[in-house]
Structures are given as C-alpha cells and as structure tokens.
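The values are calculated or read from the model by the stated rules, or taken from the named source; none is laboratory data. None of the values given here were measured: they were computed from a predicted structure. Counting neighbours? That spans all protein chains shown, and the Cβs are built from the backbone with ideal geometry, glycine included. The accessibility values were calculated without ligands, DNA or RNA, using every heavy atom of the protein model including side chains. Shrake-Rupley method; radii C 1.70, N 1.55, O 1.52, S 1.80 Å.
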Amino acid sequence: MNKYSLTTPRLLLLASVLSLSACTTVNYTAQQFVPKDPGKISLLPSVAPAYQLENLEYKQADGAISRGVYIRKPGVDFTVLYFMGSGVRIDANGTSFAKAFTELNANVISFDYRGFGRSDSNGKPHSLIELESDALALYDYARKMVPGRLVVHGHSFGSFVAARLASKRAVDALVLEGTGTTALAYSDNMVPWFAKPFVKINLDEELTAVDNRAALRNYAGPVLIINGVNDVQTPAATARELFASIPRSNKRYEEVANAGHMNALSKPEALKAYRDFLNGQF
C-alpha cells in the first residue's frame, strides 16, 4: 500500500493516477485544507461604474492582518459578506464574483484568508481554528459597519467557513454555493472516478469534524443552497444531501442548469432564486 501526504488537489490527482495498480492512502490534514498562497498579484480593478471600492484592513487578535474590500453604493437592498473558495483571491477574482452582487443591487464585503492574497499571517498558524476565529471577527466587524441586512455567503471551501460562522452568530440569511456535506466528501470529490477504487482518503481529527450538516443544526435562520448541475468538484448530489438534512422549512435549493463549480451565479435563474429567497420565497 502506497501512502501520500496531500498538499494540493493536483497532488491528490497525481497520487490517484499513480496508484492504479495498488491501493493508495492519501493523508489530508487540517492545515492542508486551509488555502495557501504561492504569491501576490496586482490590485482589483473597478467592478461597476456606480460602485465605489473601499480597501479594508482588520487586525486579528493574534496580530494577523486580514485585508479585503467593501464594494458599495447608496440605496442597495442588502450587503453580502462573501467567503471565497480555496485558491480564489480578491485581486484575481473579485471582479468576477462581485458582478453577480451588483446585478442583485447588493453591496459586497470580502477578505482574503490569512496568509493568502492581500492578507498576512504574521507567522501565525494556517489552521481551521484560526480560520474560524478570523471569520467570526470579520463578521462582527462587518455587522457594525453595515446598515440593513447582512447576508453571509460561502462558495466551495468558503461554504464550510460560512456554515460554521452561522452556527455561532445570528446571521440574517445564509447562502451556500457549490457546497457539500463534509470535508471527507469534499476531498473524495477531488479523486477522479476511475481512481476511486484504489484511493483511500485519510483525514486528521480536526478535518473529520468538519461537517456542514452539523453546523446547520445550530442555525435557525433562512438558508439558500445553490449548485451547478455540471459541478464535479462539489456535485449536486452532495448539495441535495445537505439540503435534505436541514429539518426546517425556511430553506431553498436551486440547481442551476448549464453551470459548473465556478459560474452558477452568472446564470439568470440563480440570480432570480437569490432575489426570491431574500423576499421570503422558500
């Protein structure tokens, strides 16, 4: 039996391919689950003519610096606190994800994860514990700054961050996009179908506890789950499983045709579902 330590999804794929003639155990730790940044890039360009872009900086309790953006205009319907997927940065991808919210007449706040993009770690750990602490502090910071409704929205990896946050704070509404049930299911989906019989995912104790179903049991507010029909990274089946596990009626599920993992919010039906959800149509 071969053993690999997973550091990136690409290495996981490589391990899978190399293991076709033998059983392979892929060891996946909580620190590896948290995004790492290979380098910095240029600043975010203008998003929409009517919107102003304000750079934000927040000093975490342990000295790490979270940096982000507040994309806003007067007279909006609501504000979104957006938690990005793994490998997504404000400067590289901010224009893309913010476009949907400007079309919804919403403001958006988003921060790069510690040690990633604009944000610094100050030598502090990149663990799930620090990530959760950061997210709670940034929510409290945004809540004090923002009038009106504040929607917490997590995409992909960020859906785990957002769900955990919602289990600790009384958020106005929660949106999970490209989501799933557990860290194990999320990791397993990185393995190509043809390699699954040969690969065993081994998570450390901290990752084993990452479960959106458990987090949502402690959240009583409205939740919208959006998933692309063609999403292979977080397949619609796992999003439907998460939706079915929520034992309340103030929930909505939208499966978006002709959408994959990254582009569901570019589709008109997803934007309509978002509007309807915030208008109380579950």
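Descriptive notes on the structure:
- Computed over region 82-142: relative contact order in percent, which uses C-alpha pairs under 8 Å that are six or more apart: 30 percent
- Of Lys144/Lys168; Lys251/Lys272; Lys73/Lys168; Lys59/Lys124, pairs whose Cα-Cα distance is over 24 Å: Lys73/Lys168
- Sequence-ordered 3J(HN,Hα) estimates for region 91-103 from the Karplus curve with 6.51, -1.76 and 1.60 and θ = phi - 60° stand at 5, 7, 10, x, 4, 5, 6, 6, 4, 4, 6, 5, 5 Hz, glycine and proline given as x.
- Residue-normalised accessible area of region 204-282, expressed per residue, 1.4 Å probe, Å²: 48 Å²
- Stretching Asn279 away from Glu54 to a fully extended chain increases their span by 78.2 nm, per 0.36 nm per residue minus the current alpha-carbon distance.
- Amide H contacts of Val256 (H built 1.01 Å from N, in plane; Pro and chain starts excluded): Asn227, Gly228, Val229 sit under 5 Å, all sequence-distant by 5 or more or on other chains.
- Using a probe radius of 1.4 angstrom, the carbon and sulfur fraction of the accessible surface of region 42-134 is 49%.
- Listed peptides 54-65, 254-265 by packing density, highest first (mean Cβ within 10 Å): 254-265, 54-65
- Taking every protein chain into account, the accessible area of region 53-132 amounts to 36 square angstrom per residue (probe 1.4 Å).
- Here the gap between Ala61 and Thr95, fully extended at 0.36 nm per residue and compared with their Cα-Cα distance, gives a gain of 9.3 nm.
- Available extension along the chain between Asn230 and Lys124 is 34.4 nm, counting 0.36 nm per residue and deducting the alpha carbon span.
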